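Right, one structure below, let's go through it.
The values are calculated or read from the model by the stated rules, or taken from the named source; none is laboratory data. Small disclaimer: the values here were computed from a predicted structure and weren't measured. Reconstructed Cβ throughout: ideal geometry from the backbone, glycine too, with neighbour counts over all protein chains shown.
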There are 2 protein chains.
Amino acid sequence: MLQSKLFTKTKKEVPSDEVSKNAELLIRGGFINKEMAGAYSYLPLGLRTLSKIIQIIREEMDAVGGQEITLTALQDKTTWEKTDRWSDEVVDIWFKTKLKNETELGLGFTHEEPLTKLMKEYISSYRDLPRSVYQFQTKFRNETRAKSGIMRCREFIMKDLYSFAKDEEEHKKIYEDLKEAYKRIFKRAGIGHLTYVTFASGGVFSKYSHEFQMVTGAGEDTIYVAENKGIAINKEVLTDEVLENLGVDRADLVEQRAVEVGNIFTLGTRFSEAFDLMYQTEAGEKKPVFMGSYGIGPGRLMGTIVEALSDDKGMIWPEEVAPFKVHLLLLGENATTKEEAEKVYALLEEKDIEVLFDDRTGVMAGEKFADADLLGIPYRVVVSDRSLKEGGIEVKKRTEEKGKNISVEDLISLLEAKS
Amino acid sequence: MLQSKLFTKTKKEVPSDEVSKNAELLIRGGFINKEMAGAYSYLPLGLRTLSKIIQIIREEMDAVGGQEITLTALQDKTTWEKTDRWSDEVVDIWFKTKLKNETELGLGFTHEEPLTKLMKEYISSYRDLPRSVYQFQTKFRNETRAKSGIMRCREFIMKDLYSFAKDEEEHKKIYEDLKEAYKRIFKRAGIGHLTYVTFASGGVFSKYSHEFQMVTGAGEDTIYVAENKGIAINKEVLTDEVLENLGVDRADLVEQRAVEVGNIFTLGTRFSEAFDLMYQTEAGEKKPVFMGSYGIGPGRLMGTIVEALSDDKGMIWPEEVAPFKVHLLLLGENATTKEEAEKVYALLEEKDIEVLFDDRTGVMAGEKFADADLLGIPYRVVVSDRSLKEGGIEVKKRTEEKGKNISVEDLISLLEAKS
């Protein structure tokens with residue numbers, strides 16, 4: 001894509017009420033726009049990254065047998081009364097609205113209830129199990145505080161998968177498959193080395209659950225990491241009993257600030273019983289379906305990547321989630337140089353290597369470099385009078401201090417080898 | 001995909017309050033689920049078709065220079081007061097909600113206001129124009145009546161593109177490009193032959209606009225078609241003046257029921273003036289940006305395809321939007337036959353030909369045929385004891401009465417030739 005045509009531009013200023021690093025960098029880079037506290041629009045660069053994160057998650061959910069659907073945001077009262085989660089006293093993050101005839105509706109903050117109700121239409125026998133169903137869908141949560149940029153929003157896309165199994169044994173297998181799928185997701189998104197499967201509270205559903213906690217100073221949570229065992233424990237469940245169960249010595253624990261980038265829950269039969277989601281076993285018995293739920297917020301993950309990997313010059317995108325692979329910079333107004341840069345651009349496009357071409361005229365080299373650092377695209381490729389004199393183009397990774405001059409052919413080999 | 005693993009099943013019954021043909025067939029086929037009047041979930045088969053429609057639209061929007069973003073559903077009052085569209089007396093389809101501190105919010109029913117406000121950050125000079133920006137985003141409309149299935153919903157995805165031009169002349173070129181892009185979309189979606197570019201009212205924005213009206217008995221609109229000129233006129237603007245302008249004789253008009261599947265509007269400077277979206281011309285003058293808007297509801301288009309192309313046995317999907325290209329049916333419980341069907345399935349998958357494999361056991365042939373007709377996948381391929389005795393497999397298009405027996409090699413050639 002030509003940067004001269006991209007409608008967004010980098011900025012020096014951010015809204016005065018913006019305090020999070022992720023929103024600050026993403027707004028300055030033109031990735032997102034703040035509509036109000038806790039509600040951000042995704043602009044072309046931001047949407048490209050968000051879509052890549054979504055696609056990674058989709059591939060990993062499909063790989064473990066997930067079937068994709070989309071439920072609605074609008075929710076009716078009777079469905080949620082079955083589990084006593086309609087009242088604002090019980091669930092304090094509902095956004096509520098009304099039809100013209102005064103019928104009250106809610107905006108879904110999660111989807112256990114409507115999906116369990118829906119599955120009653122399709123599950124009646126052991127032959128219909130197990131099933132895993134997921135969606136990328138906009139959730140609404142009436143958060144009192146929304147100051148963490150795209151890491152905690154009032155409106156955000158969530159991937160939520162729900163599993164339906166015959167019994168706890170079958171459930172455990174699905175749960176372990178999902179745990180491994182989540183590890184692959186965070187690895188592909190470039191934060192695997194910072195992310196711990198963390199033993200956590202099961203909330204109202206079960207005794208324990210697992211969170212995926214990424215270590216960062218900006219984290220809202222405190223976790224204790226036993227690096228020697230590759231185990232982490234959320235502060236809220238750090239008891240002698242838990243330590244003993246996990247075989248971890250308190251002396252080995254290191255306290256860390258961390259942000260939750262995903263969680264997996266055993267739901268058991270709470271929802272299936274409330275909605276009478278039963279199945280007939282091979283022996284002809286009626287039994288409630290055994291459920292689990294598995295969440296990741298792709299936007300939160302995107303914000304977390306920015307928090308974890310940026311430096312004082314800007315963002316640093318891991319290759320698989322970067323808006324483009326290559327940021328091609330044309331420096332100088334010389335006609336031959338321009339022609340050479342256009343040739344490189346055409347060649348990269350032809351090779352299906354995603355490239356943002358900074359073809360802008362009247363912009364100083366220093367400004368182009370600063371923009372490239374801010375946007376954080378993995379490979380910066382410069383075509384300038386000097387690079388041509390030195391026999392080629394200059395390539396530098398965002399994570400490197402210095403670039404090197406290579407030929408166009410070598411650039412293509414380098415980029416194709418990496419993909 | 002294996003039909004034995006697909007969590008949905010076909011049904012004989014639909015909700016008693018469902019009166020539209022599109023929802024009836026889509027619910028019976030397991031494509032969608034009715035959550036409440038005017039709010040439908042998309043299940044795996046339905047989401048596959050919806051995603052294909054979205055991808056067609058995306059490709060055509062990108063081809064005319066559209067840049068994709070996603071705005072938020074949550075809307076703040078002050079933005080909409082600038083154009084006097086906040087009040088429920090002026091706009092009677094708002095869903096409104098509230099933050100915990102009682103701040104009133106709306107759920108976007110369209111996005112001219114927030115996008116115009118956003119573009120102020122990025123447009124200041126003639127060098128920043130023209131720009132076209134679009135999204136696939138969930139709209140909320142508090143409709144009093146919602147009885148047309150997925151053709152008129154209270155919650156639905158809409159593709160809305162907004163164009164920003166220097167003046168009316170530049171705008172007209174974009175408008176014509178979009179008109180052609182829309183024609184390509186409806187052609188690719190399989191309803192091009194039924195869809196007319198229709199001269200219509202410009203509403204509050206301009207004198208006239210263009211609608212894309214697809215002829216169907218289920219249509220909510222009345223249009224007059226001059227087939228000899230390839231022109232259609234919406235009843236609401238059928239005046240002698242319009243006829244004269246278009247050079248159409250009243251005697252040539254044929255009245256038709258039709259459904260609007262898209263519309264394109266000239267907005268002019270109404271929104272840019274309200275938000276002070278000005279740019280500096282080359283001569284240094286300040287001028288308001290000239291805008292247009294262009295909508296298509298992918299779900300509405302999906303519903304319209306069902307209304308237009310189905311028969312009494314079920315849906316008939318055009319190839320480019322079908323959930324799968326091939327519906328492979330295994331008939332009989334013979335081990336050799338089963339093995340042969342599995343081979344065909346593996347081969348199609350290997351060739352990247354999308355296939356739903358009805359591998360279910362204990363289901364009668366008649367039921368499998370009826371399901372195949374209901375789901376409406378373009379090619380039905382049967383592997384049975386009989387087809388194997390006759391030297392191959394039976395292939396039949398959904399639109400054909402009778403199938404023919406061919407070899408597996410010929411099947412692959414047939415399917416690859418079509419894509």
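Observations
- Some residue of segment B:189-210 being touching a Leu at 6+ places or on another chain (Cβ under 9 Å), of a type in the set (S, T, N, Q) and closer than 21 Å to B:VAL321 by Cα: no
- Residue that is surrounded by fewer than 18 Cβ atoms within 10 Å (Cβ to Cβ) and over 30 Å from A:MET214 (Cα atoms), where the choices are A:LYS397, A:LYS351: A:LYS351
- Boolean, A:PRO288 is assigned by TED's automatic domain parsing to the domain that holds A:ILE233, at pLDDT 95 or above, more than 30 Å from A:ILE393 (Cα to Cα) and surrounded by fewer than 24 Cβ atoms within 10 Å (Cβ to Cβ): yes
- Number of the condition not met by B:VAL14 [criteria: (1) at pLDDT below 95; (2) within 19 Å of B:PRO323 (Cα to Cα); (3) of a type in the set (A, V, I, L, M)]: (2)
- Answer from A:LEU178, A:LEU161, A:LEU99 - the residue that is in contact with a Gly (Cβ under 7 Å, 6 or more places away or on another chain), in the same structural domain as A:TRP86 (by TED's automatic domain parsing) and farther than 30 Å from A:GLU18 by Cα: A:LEU161
Listed here are the residues, each with its yes/no results for (1) touching a strand residue (DSSP E or B) at 6+ places or on another chain (Cβ under 6 Å); (2) in contact (Cβ under 8 Å) with a residue 12 or more places away in the chain.
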| position | (1), (2) |
| --- | --- |
| A:GLU285 | no, no |
| A:MET291 | yes, yes |
| A:LEU301 | yes, yes |
| A:LEU309 | no, yes |
| A:GLU320 | no, yes |
| A:VAL326 | yes, yes |
| A:THR336 | no, yes |
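- Residue in segment B:156-169 that is without any contact (Cβ under 8 Å) to a residue 40 or more places away in the chain and touching a strand residue (DSSP E or B) at 6+ places or on another chain (Cβ under 8 Å) present: no
- Residue in segment B:155-167 that is more than 9 Å from every other protein chain (Cβ to nearest Cβ), under 28 Å from A:GLN137 (Cα atoms) and more than 17 Å from the chain's Cα centre (by Cα) present: yes
- Long-range neighbours under 9 Å by Cβ, at least six apart or interchain, first residue within 30 Å of A:ASP92 (Cα to Cα) and outside the structural domain of A:ALA63 (by TED's automatic domain parsing) within segment A:106-133, second part of a strand (DSSP E or B) and among the acidic types (Asp, Glu): none
- Any chance A:ALA335 is closer than 21 Å to A:ARG398 by Cβ and of a type in the set (Gly, Ala, Ser): no
- Among the residues here, A:GLU59 does not qualify as farther than 21 Å from A:ILE157 by Cα and free of Cβ contacts under 8 Å to residues at least 24 places away in the same chain.
- All of B:ALA365, B:ALA370, B:ALA335, B:ALA341 fail the test of being within 25 Å of B:GLY303 (Cα to Cα) and of a type in the set (Gly, Ala, Ser), apart from B:ALA370.
- Filtered residue count, segment A:181-197, keeping only those that are in contact (Cβ under 8 Å) with a residue 40 or more places away in the chain and in contact with a helix residue (DSSP H, G or I) (Cβ under 9 Å, 6 or more places away or on another chain): 11
- Some residue of segment B:185-202 being within 14 Å of chain A (Cβ to nearest Cβ), within 15 Å of B:THR266 (Cα to Cα) and not basic (Lys, Arg): no
- Scope segment B:199-220; condition under 21 Å from B:GLY149 (Cβ atoms) and touching a helix residue (DSSP H, G or I) at 6+ places or on another chain (Cβ under 7 Å); matching residues: B:PHE212, B:MET214, B:VAL215, B:THR216, B:ALA218
- Failed item, numbered, when B:ARG360 is tested on (1) exposed (fewer than 14 other Cβ atoms within 10 Å of the Cβ); (2) within 17 Å of B:GLU342 (Cβ to Cβ): (1)
- Of note, A:ILE223 does not satisfy the criterion of being outside any strand (DSSP E or B), among the hydrophobic types (A, V, I, L, M, F, W, C) and closer than 26 Å to A:LEU267 by Cβ.
- Among the residues listed as A:ASP410, A:ASP371, the single one being crowded, with 18+ Cβ neighbours inside 10 Å and more than 17 Å from A:PRO318 (Cβ to Cβ): A:ASP371
- Residue, surrounded by the fewest Cβ atoms within 10 Å (Cβ to Cβ), within segment A:190-208, restricted to residues that are under 18 Å from A:LEU178 (Cα atoms), of a type outside the set (Phe, Trp, Tyr) and under 21 Å from the mean Cα position of the chain (by Cα): A:GLY192
- None of A:GLU180, A:GLU211 is within 27 Å of A:PRO298 (Cβ to Cβ), modelled with pLDDT of 95 or more and either crowded, with 19+ Cβ neighbours inside 10 Å or not acidic (Asp, Glu) (or both) except A:GLU211.
- Residue in segment B:134-154 that is nearest to the other protein chains (Cβ to nearest Cβ), counting only those that are over 20 Å from A:THR138 (Cβ atoms) and in a helix (DSSP H, G or I): B:GLY149
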